[in-house]
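The values are calculated or read from the model by the stated rules, or taken from the named source; none is laboratory data. Predicted model only: the values in this text are computed from it and were never measured. Cβ placement follows ideal geometry from the backbone for every residue including glycine, while neighbour counts extend to all protein chains displayed. Side chains are part of the model used for accessible areas, which takes the heavy atoms of the whole protein and leaves out ligands, DNA and RNA. Shrake-Rupley method; radii C 1.70, N 1.55, O 1.52, S 1.80 Å.
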Amino acid sequence: MLKRTLAPLLLSAASLMAGVATQSEQISDPAKPWWEWDNATGDWFGARTTLQDHGVDLFGSYSAEVWGNTTGGLKQATVYTGLMTFGTEVDLEKLVGWKGATVSTTWLWLSGRDASEDLAGNFLTVSNIAGFNTLRMLEMWFQQNLFDDKLSIRVGQITADSEFLTSTYSSLFLNGTFGWAPSMYTNLPEGGPGYPMGTLGVRVAVNPFDWLTLQSAVFQGNVFAQTANRHGFRWDLDSNNGYFWMNEIQGRWNQGEETFALPGEAKFGVWFHTGSFADPYYDEDGIPLADSSSTGIPQDHDWNYGFYWVLDQMLFREAPSVVTTEGLSKDGKGVVSKNPQTVEKPSQQGLGFFGRIAFQPQDRNFLGFYFDTGLVYTGLIPTRDEDRLGVGFAYAQLSNGAQDNLELEGSTGVGAEMAVEFSYEAVITPWLSVQPDAQLIINPGGTQDLNNAFLVGGRVTVTF
């Protein structure tokens with residue numbers, strides 16, 4: 001039985017390697033200049049294309065950031081942050097004929113410092129690639145699509161922020177708050193299953209119509225601290241840690257490259273966590289910290305939950321582009337000739353809006369309310385069609401218990417932390433982008449103990 005199972009895999013691997021050997025003797029498109037390559041390392045003399053034709057996609061990139069704090073926060077200084085991402089995704093239908101099956105793994109090499117921790121003293125993380133310096137496996141999963149991709153099941157080590165609570169337009173920004181929102185990472189054990197921590201889980205997605213997706217996922221309840229789960233292999237499906245369950249419904253309109261109307265997408269999500277969450281009105285010894293809940297009995301809550309909404313909407317689209325094509329037509333005598341045809345294509349350049357809002361219970365969370373929004377313009381500068389310019393704003397309001405605790409500890413102006421970000425992503429080549437960035441952090445830590453911080457910096461990303 002084992003031999004019958006392995007035989008197709010071995011034969012496919014042998015033919016794949018033979019194809020790579022044949023292709024590697026050739027030079028892929030030698031006339032194409034280096035800066036027009038899809039990746040900085042090119043096609044590996046044809047080997048990369050051969051691998052992709054057989055369903056094997058190898059990917060890798062490196063992002064380097066420099067951040068300087070000009071005023072406020074903890075101190076005025078400069079830090080470096082780096083991230084290498086690499087991995088592979090294999091289409092098993094192309095490789096061995098297994099229809100609808102995919103396997104994937106993604107790894108991270110984190111380096112450098114965290115600008116929020118070292119400079120600003122805030123929790124709306126300045127850099128969305130910052131983390132404990134290590135080599136870590138982020139994801140490793142198997143996915144099976146069924147019924148013409150109407151049903152998708154993914155199992156293994158997965159992340160929630162890759163598929164839930166996402167916004168297309170907010171992905172421009174470098175502040176971590178616009179990705180895996182602080183309504184999740186400040187309230188879930190050790191930040192929950194979002195970058196840079198994946199964990200065991202199962203995700204099911206149903207797409208009954210092109211415009212509708214329903215998805216649900218269950219995760220290990222505790223991803224553990226980055227310093228304890230250094231390499232991403234700490235798996236512990238213990239009921240004492242609880243389980244984290246996310247559910248989301250997505251609706252889309254005016255999608256597709258041939259649609260001239262303004263596209264958009266809306267999402268609604270709800271999440272639950274079955275673990276135990278301490279009452280923020282009490283300290284570790286069970287002593288009440290705020291008179292408003294001073295019953296003398298510490299309250300541990302058996303569940304936690306929250307709700308969120310996401311909206312992406314294009315507000316303005318530039319004039320359609322005109323494309324001239326050659327079409328075949330017959331004259332009255334039945335003679336076939338080529339006739340140029342002019343076709344209008346909807347522009348992908350224009351102005352987009354995003355907004356996200358989240359609510360969580362006040363009695364067991366650090367944040368009770370979160371909101372972010374922003375505007376992103378793609379292709380504002382003529383001839384720079386892929387560049388993006390954006391401004392984003394985030395507001396994170398501390399829960400009543402968190403506010404009371406900070407006030408009792410002597411903090412002043414307790415309420416909410418806010419972030420304003422200005423960013424411009426310049427796509428220099430298909431494999432190189434440069435992104436200058438500026439961020440204003442208002443009330444770092446949700447108090448006025450520190451002056452507002454203003455950071456300037458940016459990111460350079462190279463795709464290999």
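Before moving on, here are some points about what is shown:
- Scanning residues 5 or more positions from G100 or on other chains, those with amide H under 5 Å from its amide H are E93, with H placed 1.01 Å from N in the peptide plane.
- Calculated FRET efficiency for the pair D210/F59, C-beta based, R₀ 30 Å, to 0.05: 0.65
- Residue range of the chain that is longest and free of trypsin sites (Lys or Arg not before Pro) which are both DSSP loop and sparsely packed (at most 16 other C-beta within 10 Å): 235-332
- For segment 19-164: accessible area per residue (Å², 1.4 Å): 47 Å²
- Shown for the chain: the carbon plus sulfur share of the solvent-accessible area, taken with all protein chains present and a 1.4 angstrom probe, equals 60%.
- 13 Å Cα-Cα reach of K32 towards aspartates and glutamates, excluding residues that sit fewer than 8 places from it in its own chain: D43
- Mean residue ellipticity (222 nm) of the chain, computed from DSSP H runs ≥ 4 via -39,500 (n - 2.57), nearest 500: -3000 deg cm²/dmol
- Net charge, G368 excluded, C-beta distance under 15 Å - Lys, Arg +1, Asp, Glu -1: -3
- For G73, the shell of other residues with beta-carbons less than 13 Å away shows a net charge of -4, using +1 for Lys and Arg and -1 for Asp and Glu.
- Counted by Cβ distance under 12 Å from P263, the other residues give a net charge of -2, where Lys and Arg count +1 and Asp and Glu count -1.
- Compared with the alpha-carbon gap, the fully stretched path from L237 to N254 is longer by 1.9 nm at 0.36 nm per residue.
- Overall form of segment 133-244 per C-alpha gyration tensor (a/c, 1.5; a/b vs b/c): oblate
- Candidate values (1) 1.26; (2) 0.96; (3) 1.11, label of the one derived for Cα Rg over 2.2 N^0.38 Å: (3)
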